[in-house]
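All remarks here apply to the structure that follows.
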Amino acid sequence: MKTVVITGASSGIGRAAAEYLAGQGWRVFAGVRKMSDGEPLKKANSNIKPIILDVAKTDQVRAAVETVSKALDGQTLDGLVNNAGIANMGPLALQPADEFRQHFEVNVFGTLNATQAFLPLLGMDTSRIGSPGRIINITSLGGRIAAPFLGAYTATKHAVESMTDSFRRELIIYGIDAIAIGPGSVKTPIWDKAEDMNKDEPYANSAWAEPISKFSDTMLKGGREGLEPEKIAQVIETALTDSSPKARYAPVPNKFTNWTIPTHIPKRWLDKIFASRFGMEKPD
C-alpha cells in the first residue's frame, strides 16, 4: 500500500484528495487542525488516518512525522501533498503587515516546515527501504498571475512555485521529485472563509471599496462555479504516479481564456483588463 501525507485535509482540495486517493488504495495521513475535522474523513474511508497537523506549529509537524515514520516501519513515504493555505483579500497599500505576514507563516513557511520535516521519510534518509517519494505543492493560478486585492496570497503562491523548482533541482541527488499544481477556480470553502474574514468591510471607506466588492463577487462566483475538487485530486494522483510527470500542472477552467491568454500577453495589457473589469481608472 502506497502512503501519502496531505496537509490541509479538512475541506476543499485536501479533503477531496484524501478521499480520492484512499479510494484508489492509498494509505492517507490527512492533516487536520482539530480531530473533529478528521472524524468525517475516517468514516469516509478506513484508509484515511487523520493526524493533528498545523503546518505553522513545529511541534505538531514533528509529532506528525513521528506518527507517520512509525507506521512506515522503515519504508519510504511515497508522497507529501502540501495543500494547507489561507487567503484574505485587501489592497497591499492598506493591508496590515501582520495579516500579510500570516499568509507567509502558513502558505510559505508552513510548506517549508512540512517539507523539511518529511524529507527523511521521502528518501533523504537513505537507510529507508523503497523508492524515493514525491513532493506535490498546491499553488494556484495566482502563483503565476498576480491579481489585485490578493497580493498577500499570490505573493506566497509565487514563492511556493519558486521553492518547488528549487527543491526539485536540489533533491535530484536523492531521486525525490517536487511538482507544482496550480489550479484555477475550484469549488472550495477558501473564498467563503475570506469573505467571512472581510465581513466587517475593513476597506469600505477606502478608494478601493467598489473594486474590492466587484473582485470579491468574482472570486466567490468562481469558488462556487469552478472545477470540482475531485478533478484536482485526480491531477494529484497523476503527479504522484506518472512515470514522467510534468514539473507543473495547470488545471484551469476555460483554460485558453483564463490561462493561455493572460500568461502570453504583455503585462500592461493585463493591467488594463483588470482595471476595466473591476472599475479602476487611471486619473487624468
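Checking each residue of the range 220-227 against the condition of being on the phi > 0 side of the Ramachandran plot and in contact with a Pro (Cβ under 7 Å, 6 or more places away or on another chain) gives no match. Scanning the range 232-262 for residues that are assigned to a helix (DSSP H, G or I) and either aromatic (Phe, Trp, Tyr) or more than 16 Å from the chain's Cα centre (by Cα) (or both) gives Thr238, Thr241, Lys255, Phe256, Thr257, Asn258, Trp259, Thr260. Of the residues in the range 210-231, not one is modelled with pLDDT of 95 or more, touching a Leu at 6+ places or on another chain (Cβ under 8 Å) and in a helix (DSSP H, G or I). If you go through the range 34-54, how many residues are in contact with a strand residue (DSSP E or B) (Cβ under 7 Å, 6 or more places away or on another chain), of a type outside the set (S, T, N, Q) and either touching a residue at least 24 places away in the same chain (Cβ under 8 Å) or buried (at least 16 other Cβ atoms within 10 Å of the Cβ) (or both)? Counting residues in the range 34-54 that are in contact with a strand residue (DSSP E or B) (Cβ under 7 Å, 6 or more places away or on another chain), of a type outside the set (S, T, N, Q) and either touching a residue at least 24 places away in the same chain (Cβ under 8 Å) or buried (at least 16 other Cβ atoms within 10 Å of the Cβ) (or both) gives 8. The number of residues in the range 1-33 being among the small types (Gly, Ala, Ser) and free of Cβ contacts under 8 Å to residues at least 40 places away in the same chain comes to 6.
Any residue at all in the range 158-179 that is of a type in the set (Gly, Ala, Ser), touching an Asp or Glu at 6+ places or on another chain (Cβ under 9 Å) and not in a helix (DSSP H, G or I)? Yes; the residues of the range 158-179 include at least one that is of a type in the set (Gly, Ala, Ser), touching an Asp or Glu at 6+ places or on another chain (Cβ under 9 Å) and not in a helix (DSSP H, G or I). Across the range 55-73, the number of residues qualifying as surrounded by fewer than 12 Cβ atoms within 10 Å (Cβ to Cβ) and assigned to a loop (DSSP other than H, G, I, E, B) comes to 1.
Of the candidates Ile265, Ile176, Ile172, Ile236, the single residue that is under 22 Å from Ala146 (Cα atoms) and either in contact with a helix residue (DSSP H, G or I) (Cβ under 6 Å, 6 or more places away or on another chain) or hydrophobic (A, V, I, L, M, F, W, C) (or both) is Ile265.
Just so you know, in the range 110-130 the residues that are among the small types (Gly, Ala, Ser) and not in a loop (DSSP other than H, G, I, E, B) include one that is surrounded by the most Cβ atoms within 10 Å (Cβ to Cβ), and it is Ala114. Summed over the range 211-228, the residues that are out of contact with any Phe, Trp or Tyr (no Cβ under 9 Å at 6 or more places or on another chain) and crowded, with 18+ Cβ neighbours inside 10 Å give a count of 2. Checking the structure you have, find out if any residue of the range 131-149 is in contact with a Ser or Thr (Cβ under 9 Å, 6 or more places away or on another chain), outside any helix (DSSP H, G or I), under 29 Å from Pro266 (Cβ atoms) and free of Cβ contacts under 8 Å to residues at least 40 places away in the same chain. For the range 131-149, residues in contact with a Ser or Thr (Cβ under 9 Å, 6 or more places away or on another chain), outside any helix (DSSP H, G or I), under 29 Å from Pro266 (Cβ atoms) and free of Cβ contacts under 8 Å to residues at least 40 places away in the same chain: present. Checked against (1) touching a residue at least 12 places away in the same chain (Cβ under 8 Å); (2) assigned to a helix (DSSP H, G or I); (3) not basic (Lys, Arg), Leu94 passes all but a single condition, namely (2).
Search the range 8-29 for residues being aromatic (Phe, Trp, Tyr) and not in a strand (DSSP E or B), and hand back the single one that is surrounded by the fewest Cβ atoms within 10 Å (Cβ to Cβ). Here the answer is Tyr20. For the range 263-284, the tally of residues that are over 25 Å from the mean Cα position of the chain (by Cα), aliphatic (A, V, I, L, M) and in a helix (DSSP H, G or I) stands at 2.
Scanning the range 155-189 for residues that are crowded, with 21+ Cβ neighbours inside 10 Å and under 11 Å from the mean Cα position of the chain (by Cα) yields Thr156, Lys157, Val160, Ala180, Ile181, Gly182, Pro183.
The values are calculated or read from the model by the stated rules, or taken from the named source; none is laboratory data. Bear in mind the structure is a predicted one, so any value in this text is a computation, not a measurement. Positions of Cβ are generated from backbone atoms using ideal geometry, with glycine treated the same way; all protein chains shown enter the neighbour counts.
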